[in-house]
1. Counting just the residues of the stretch 105-136 that are away from the ligand (no atom under 13 Å from the Cβ) and charged (D, E, K, R), which one comes out farthest from Gly181 (Cα to Cα)?
2. Do you know which residues across the stretch 119-144 are surrounded by fewer than 17 Cβ atoms within 10 Å (Cβ to Cβ) and assigned to a helix (DSSP H, G or I)?
3. Residue under question is Lys173, and the condition is that it be away from the ligand (no atom under 11 Å from the Cβ) and within 23 Å of Glu78 (Cβ to Cβ); does it hold?
4. Output the residues belonging to the stretch 199-215 that are within 21 Å of the chain's Cα centre (by Cα) and in a helix (DSSP H, G or I).
5. Could you tell me whether the stretch 87-95 includes any residue that is at pLDDT below 95 and either of a type in the set (Asp, Glu) or surrounded by fewer than 21 Cβ atoms within 10 Å (Cβ to Cβ) (or both)?
6. What number of residues within the stretch 66-83 are within 16 Å of the ligand (Cβ to nearest atom) and in contact with a helix residue (DSSP H, G or I) (Cβ under 6 Å, 6 or more places away or on another chain)?
7. What about Pro151, is it away from the ligand (no atom under 16 Å from the Cβ) and touching a helix residue (DSSP H, G or I) at 6+ places or on another chain (Cβ under 8 Å)?
8. Quick one: in the stretch 41-76, of everything that is closer than 13 Å to Gly204 by Cβ and free of Cβ contacts under 8 Å to residues at least 40 places away in the same chain, which residue is surrounded by the most Cβ atoms within 10 Å (Cβ to Cβ)?
Amino acid sequence: MFTKILGYDVFNKTKNDFIKYIENFDKINIVSGNPEVLYNGINDPVLFECFTQNNSVIIPDGVGTVLASKVIKKPVAEKIAGIDVMKSIIEKCENENKTVYFLGAKQNVLENCIKNLKSTYKNLKIAGSHNGYFNLDSCEDIINDINKSRPYAIFVAMGSPKQDIFISRNLEKLPCSIFMGVGGSFDVFSGNVKRAPKWMIGFGLEWLYRVIKEPWRIRRLSSIPKFLIKVIEYNRVN
Ligand code: UDP
């Protein structure tokens, strides 16, 4: 069920299998394992611990991660985009009357994201929300709010590593069953940022679309070759 990439266990079945698999957990941290995030993790013990602890499951989010699994000849079944998993969890919550909490992004993005999600998922129960601009070292008011509202799932959209640090510090403290860092997904749901057209996603070119739309991302792409080189080196040694 997992492909070992650089010491990480990466889920290697389909997205539908993953949605069934998460039922086995009382508490789970879903990590969208794109090359940038996984590369940063091997250089940062706190992040590495967060991605590899018992409750964490990494999904292959990104063509670079899929490619890495092919390079080591243990290919994952498909790329699993974090935003698609987030949608499936929201659908599940709507159908099963479970609540969700949205933490992250700028206030107006957060509000538009929630407004749009409410109009798509009419019966979705939202336990609460807070924007992502706060100090991780002094956020007791937010922790109290989440504790009081007892959401089943919490989506944390503050980019990596801030969202990962928040989750690893609070996973045991908070009563949520599903924790998921979702990067820029609130921006997509708010309508602020568009996802690539389906054909580009199909060709594994979502990264190219994002770079065209947000050229500052080009610097972040350098982690893809660095990640792949590490994967090849690691595989040769282990
Ligand atoms: N963000 C936040 N708090 C911060 C920094 C960033 O809530 O202190 C939000 C930002 O507004 C945006 C998201 O985090 O909505 C950044 O996502 P990014 O595009 O970096 O994530 P990716 O999709 O690349 O993982």
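1. Among residues in the stretch 105-136 that are away from the ligand (no atom under 13 Å from the Cβ) and charged (D, E, K, R), the one farthest from Gly181 (Cα to Cα) is Lys122.
2. Ser119, Thr120, Glu140, Asp141, Ile143, Asn144
3. Details: away from the ligand (no atom under 11 Å from the Cβ): yes; within 23 Å of Glu78 (Cβ to Cβ): no.
In short, no.
4. Passing the criteria: Met200, Ile201, Gly202, Glu206, Trp207, Leu208, Tyr209, Arg210, Val211, Lys213.
5. Looking only at the stretch 87-95, we keep the residues that are at pLDDT below 95, and these are none.
No, the stretch 87-95 contains no residue that is at pLDDT below 95 and either of a type in the set (Asp, Glu) or surrounded by fewer than 21 Cβ atoms within 10 Å (Cβ to Cβ) (or both).
6. Of all residues in the stretch 66-83, those within 16 Å of the ligand (Cβ to nearest atom) come to 79-83.
With the extra rule that they be in contact with a helix residue (DSSP H, G or I) (Cβ under 6 Å, 6 or more places away or on another chain), the set shrinks to 79-80, 83.
Residues meeting the conditions: 3.
7. Spelling it out, it is not the case that Pro151 is away from the ligand (no atom under 16 Å from the Cβ) and touching a helix residue (DSSP H, G or I) at 6+ places or on another chain (Cβ under 8 Å).
8. Per the stated criteria, the residue is Asp61.
The values are calculated or read from the model by the stated rules, or taken from the named source; none is laboratory data. Source: prediction; values computed, not measured. Glycine also receives a Cβ, built like all others from the backbone with ideal geometry; neighbour counts cover every protein chain displayed.
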